Amino acid sequence: MPWHLNRSGRWPAAYLAGFVIGCIALVAIIDRINPPDMTRFETRSVEVRASDGSLLRAFPVEDGRLRQQVTLEEVDPLFISMLLAFEDKRFYTHGGVDARALIRALYQAAANGEIVSGASTLTMQVARLLEPRPRTIGAKIIEMFRAWQLEWRFSKRQILEIYLTLAPYGGNLEGIKAASVAYLGHDTRHMTPEEAALLVALPQSPTRLRPDRHSDAAFTARNKVLRRVAPIIGLDAHLADLAAKVPVGAKRYRPAIIAPHASSRLRFARSGTDVVINTTLDISLQKRLEHLAQGGARRVHEQASAAILVVDNRSRTVLAYVGSAGIGEKRRLGYVDMVRAVRSPGSTLKPFIYGMAFDEGLAAPETRLRDEPRNFGGYTPSNFHDRHYGEVSIAEALIRSLNIPAVAVLDRVGPVVFTQRLQDQGVPLALPGTEVPGLAIALGGLGMTLEDLTAMYAALADDGVVKPLGLLPDRRSDAVTGQPLLRQPARHAVARILAGIRPPEGRLVATAPVRQIAYKTGTSYGFRDAWAIGFDRDYTVGVWLGRADGTPILGHFGVSSAAPVLFDVFDHLEKSAPAPWAETIEATYANLNFQALPPGLKYFDRAERLIEVGAHVPNLNIAFPAPESVLEITGDTTPLTLLAHGGKRPLQWFVDGVPLPSSRWARKASYQLQSEGFYSVTVVDALGQRSVAKIRAVRQSAPGFEGKLGVLTPVAD
């Protein structure tokens, strides 16, 4: 008797237990060394979705295959019932291999001399989809082992979702999502019995049963599924008969490609392994505006493109992002994203030039200035059609978009200061070469994008802080704080002027009484770009039209080409309540008519006129506080005495653009410092001369400084 057998000739229990444990250990080692390859499942199509979860675009994986991730909640339960009834009735009870089905298949094969029925479970099919192999007995054994491995690692729900993601449906379609859109024309959430049965049948032979190529074969396979599963799932026989009579459509629907430029941008900018990118885009609005952009471009030129951006003012999230007049429009270079293309902004920066002048107390909307041929140190700008209007108010100059007044005001503000303030807000500017910014920037002599311009106008409509526009719901900008580009009085003054611009022809009756839109148009040099950017209380809209290759389109203006599209966009947006800038706000010269302005603000260039005729004009300067002073606040409020030398009285003092109530004939004024921070002190005389001092107030003396109110003197080391 062999030593390892007992007297009865049987294996001792200890040896049997050891053998079982050894087998289990061996299987565990093999499983650890050679786990299932999940690469194909992990390599899925990146999906970009709208704010309501609707699909905007799905990007193919290798070989152009669409393989979209799916969850059971996204699939009609009728399909799941049919799938399990047809493919694997005991899916929830077996451990990856259905022993009963396997024994039945072996018996039938032996009895008939050929394979009559298969024994593959859904889990085994998942194993084959993950690691495709030739149909051999060895491959079947490997699939069985892989099925056990999958059952150990994943829940039944997860295995089902893997199958629904990888199941082949012919051509480049993998997974039920892509198949449902291609063959049914809708998503997977709701299916009729004939639709569900068709999608159950197709993976049996995806090439031979493709409905768009072999509709008769697909019809037969679908009805086979209906006949088999109807009694199992309790489908009404009459309903099943009606479903079997419905013909199989031979059409293959193209997957939707909505917001293609925004989708591509987010796909390439994504971090991590997430395959679903949720956005803030409104799919209904996006579709309508894409159609609107195509129509606007066609009206301009056969090779013209268009771009539209819609932003929520409060959150700075993007609601619609139209990058061109059609991604497939080759003649229009529709693949170029004109939302991010750097172009000349034309006159669209003029509101900010005047706003900075208001902010610094250099001018008010009713301040008069000359619109006539002028020479600015060798730079001689001209108006459109070389027409001049003589003496105009700044409000009229902005409404008419006159060039010479804008250049004159920028000359006083300073082009370097102007561009620096924009860059301090994070606004990218494409300046020519390494040159110092010049006066030509008032007329579009630099490069900007529609995205950045729209962000600036959204700041003008809201709190004055230029914030990045967000396409992702978790990257809202409403929590971003900082110093505003323009303070509220200046913002509201500019907005009221822009709201007074006449709507484009044909829109006066239709739109103006319904909502108040503040907007500005622009046309770049050579008619290359037409702009219109506007806002109301809730939304800011940016529109660009032109040729993507920069070729001029003669007679192509912002007011005639882009402005009508802008107003059409607002017609698609919800009505807004009256904007705060439409109402009178705190005391400011932005609300005063010409006669009520102090002498120093009535004429922008009076001092220059006197200099031209040889009149002696004493220089005006602020004697106290000195520029760049650091002042200490000693209590709740600390009085600050302001003192001016020179100039011609009466004088008007401003702090942060707000006029101070003081005797205009005195050279002194008083202001109460109440909080820490930076202040801009300005004084203007009767001739329009002005002096500005930037100061800082602190609650306590900073380390290394000592002193009371006044200029603090550093202490020697």
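The values are calculated or read from the model by the stated rules, or taken from the named source; none is laboratory data. Everything numeric here is computed off the predicted structure, so don't read it as measured data. Neighbour counts run over all protein chains shown; Cβ positions are idealised from the backbone, glycine included. For the accessible areas, the whole protein counts, side chains as well, though only heavy atoms, and no ligand, DNA or RNA atoms are used. Shrake-Rupley method; radii C 1.70, N 1.55, O 1.52, S 1.80 Å.
The single condition from (1) modelled with pLDDT under 85; (2) in contact with a Pro (Cβ under 9 Å, 6 or more places away or on another chain) that A579 fails is (2). As a summary of the residue check, D538 satisfies the conditions (1) farther than 25 Å from L319 by Cα; (2) open to solvent by 30 Å² or more (accessible area, probe 1.4 Å) except for the one numbered (1). For first residues located in the range 548-569 and within 18 Å of G334 (Cα to Cα), partners that are open to solvent by 20 Å² or more (accessible area, probe 1.4 Å) and lie 6+ apart or on another chain with Cβ distances below 6 Å form the pairs A548/L333; A548/V336; G550/R528; P552/G526; P552/F527; P552/R528; I553/H301; I553/F527.
Evaluate the range 156-171: report whether one residue or more is without any contact (Cβ under 8 Å) to a residue 12 or more places away in the chain and under 22 Å from Q68 (Cβ atoms). Checked the range 156-171: at least one residue is without any contact (Cβ under 8 Å) to a residue 12 or more places away in the chain and under 22 Å from Q68 (Cβ atoms). Condition first: in contact (Cβ under 8 Å) with a residue 40 or more places away in the chain, of a type in the set (V, I, T) and outside any helix (DSSP H, G or I). Now tell me which residues in the range 405-448 satisfy that. None - no residue of the range 405-448 is in contact (Cβ under 8 Å) with a residue 40 or more places away in the chain, of a type in the set (V, I, T) and outside any helix (DSSP H, G or I), so the list stays empty.
Among residues that are more than 21 Å from the chain's Cα centre (by Cα), modelled with pLDDT under 95, open to solvent by 10 Å² or more (accessible area, probe 1.4 Å) and among the charged types (D, E, K, R), R374 is included.
Taken over the range 281-313, the criterion of being assigned to a loop (DSSP other than H, G, I, E, B) and closer than 14 Å to I258 by Cβ is satisfied by L281, D282. Within the range 65-74, the residues that satisfy the criterion of being within 16 Å of L166 (Cβ to Cβ), open to solvent by 10 Å² or more (accessible area, probe 1.4 Å) and not polar (S, T, N, Q) are R65, L66, L72, E74. Starting from residues that are polar (S, T, N, Q) and assigned to a strand (DSSP E or B), keep the ones in the range 621-645 and report whichever is surrounded by the fewest Cβ atoms within 10 Å (Cβ to Cβ). The selected residue is T641. Checking each residue in the range 48-64 for being small (G, A, S) and surrounded by 19 or more Cβ atoms within 10 Å (Cβ to Cβ) picks out A50, A58. Of all the numbered requirements in (1) under 18 Å from G688 (Cβ atoms); (2) open to solvent by less than 10 Å² (accessible area, probe 1.4 Å); (3) not charged (D, E, K, R), L349 misses one, and that requirement is (1).
Give the range 174-200 a look and list any residue that's among the aliphatic types (A, V, I, L, M) and within 19 Å of E42 (Cβ to Cβ), or say none. Hits for the range 174-200 are I176, A178.
Applying the condition of being open to solvent by 60 Å² or more (accessible area, probe 1.4 Å) and small (G, A, S) to the range 646-674 and asking which residue is nearest to I695 (Cα to Cα) yields S670. Tell me, which residue of the range 80-102 that is among the aromatic types (F, W, Y) and either part of a loop (DSSP other than H, G, I, E, B) or touching a Ser or Thr at 6+ places or on another chain (Cβ under 7 Å) (or both) is nearest to M144 (Cα to Cα)? Here the answer is F91.
Of all the numbered requirements in (1) modelled with pLDDT under 95; (2) in contact with an Asp or Glu (Cβ under 7 Å, 6 or more places away or on another chain), H261 misses one, and that requirement is (1). In the range 207-219, the residues that are touching a residue at least 40 places away in the same chain (Cβ under 8 Å) and open to solvent by less than 100 Å² (accessible area, probe 1.4 Å) form Cβ pairs under 8 Å with partners that are assigned to a loop (DSSP other than H, G, I, E, B) and aliphatic (A, V, I, L, M), at six or more places apart or across chains, as follows: P211/V248; P211/A250; D212/A250. Collect the residues in the range 424-450 that are under 23 Å from V318 (Cβ atoms), open to solvent by 10 Å² or more (accessible area, probe 1.4 Å) and touching a Gly at 6+ places or on another chain (Cβ under 8 Å), keeping them in residue-number order. Matches in the range 424-450: Q425, L429, A430.
The residues of the range 314-343 that are open to solvent by 30 Å² or more (accessible area, probe 1.4 Å) and assigned to a loop (DSSP other than H, G, I, E, B), listed by number, are R314, I327, G328, E329, K330, R331, L333, Y335, V336, R340, V342. Taking the condition out of contact with any His (no Cβ under 6 Å at 6 or more places or on another chain), open to solvent by less than 60 Å² (accessible area, probe 1.4 Å) and at positive phi, does S393 pass? Spelling it out, it is not the case that S393 is out of contact with any His (no Cβ under 6 Å at 6 or more places or on another chain), open to solvent by less than 60 Å² (accessible area, probe 1.4 Å) and at positive phi.
Starting from the range 62-76, take each residue that is free of Cβ contacts under 8 Å to residues at least 40 places away in the same chain and list its partners that are open to solvent by 40 Å² or more (accessible area, probe 1.4 Å), counting only C-beta distances under 8 angstrom and pairs at least six apart or across chains. The qualifying pairs are E62/T43. If the condition is being assigned to a helix (DSSP H, G or I), over 30 Å from T43 (Cβ atoms), in contact (Cβ under 8 Å) with a residue 24 or more places away in the chain and open to solvent by 60 Å² or more (accessible area, probe 1.4 Å), then the range 220-276 contributes R228, I232, L239.
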